[in-house]
Amino acid sequence: MATAAKKAPAKSRSDNKSRSDKQPNLSAPKPADFTKEEELSAYRHMLLIRRFEEKAGQLYGMGFIGGFCHLYIGQEAVVTGMKMALVEGDQMITAYRDHGHMLAMDLS
């Protein structure tokens, strides 16, 4: 019976330092200061998402939406903040619970 040749462990492509050994990038950009209009727009997006999710939950409970309905209630600020941080050329991918992403990105 032949024995399998043992392979050497794959070499790490890292610089052999753990993340905790690396110094933070202190020259990283600071958070943006938003105008009153930008903050109101963010609030409106969060409110739109919340109202949509509340209505979806109500319609699901009444049997008008079949299958599963995973609501996004309580996560409205996540996508709103993501949208505010996007720059030209950025891409975003979502999962099954993200009706709010479509609303925040003005998609329907």
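Looking at the range 44-77, which of the residues that are touching a Cys at 6+ places or on another chain (Cβ under 8 Å) and among the small types (Gly, Ala, Ser) is surrounded by the fewest Cβ atoms within 10 Å (Cβ to Cβ)?
Filtering first and then ranking leaves Gly57.
Quick check: anything in the range 24-31 in contact with a Lys or Arg (Cβ under 8 Å, 6 or more places away or on another chain) and in a loop (DSSP other than H, G, I, E, B)?
There is no residue in the range 24-31 that is in contact with a Lys or Arg (Cβ under 8 Å, 6 or more places away or on another chain) and in a loop (DSSP other than H, G, I, E, B).
Among what's in the range 48-77 and is among the aliphatic types (A, V, I, L, M) and free of Cβ contacts under 8 Å to residues at least 24 places away in the same chain, pick the residue that is farthest from Met102 (Cα to Cα).
Going residue by residue through the range 48-77, those that are among the aliphatic types (A, V, I, L, M) are 48-49, 56, 59, 62, 65, 71, 73, 77.
The next check asks that each one be free of Cβ contacts under 8 Å to residues at least 24 places away in the same chain; those that pass are 59, 62, 65, 73.
On the way: Leu59: 19, Met62: 24, Ile65: 18, Ile73: 14 Å.
Out of the qualifying residues, it is Met62.
Quick one: Ala104 ticks every box in (1) surrounded by 12 or more Cβ atoms within 10 Å (Cβ to Cβ); (2) free of Cβ contacts under 8 Å to residues at least 24 places away in the same chain; (3) within 24 Å of Ala32 (Cα to Cα) except a single one, so which number is it?
(2)
Computed from the coordinates by the stated procedures, all read-outs in this text should not be read as laboratory data. Everything numeric here is computed off the predicted structure, so don't read it as measured data. Cβ: placed from backbone, ideal geometry, glycine included. Neighbour counts: every protein chain shown.
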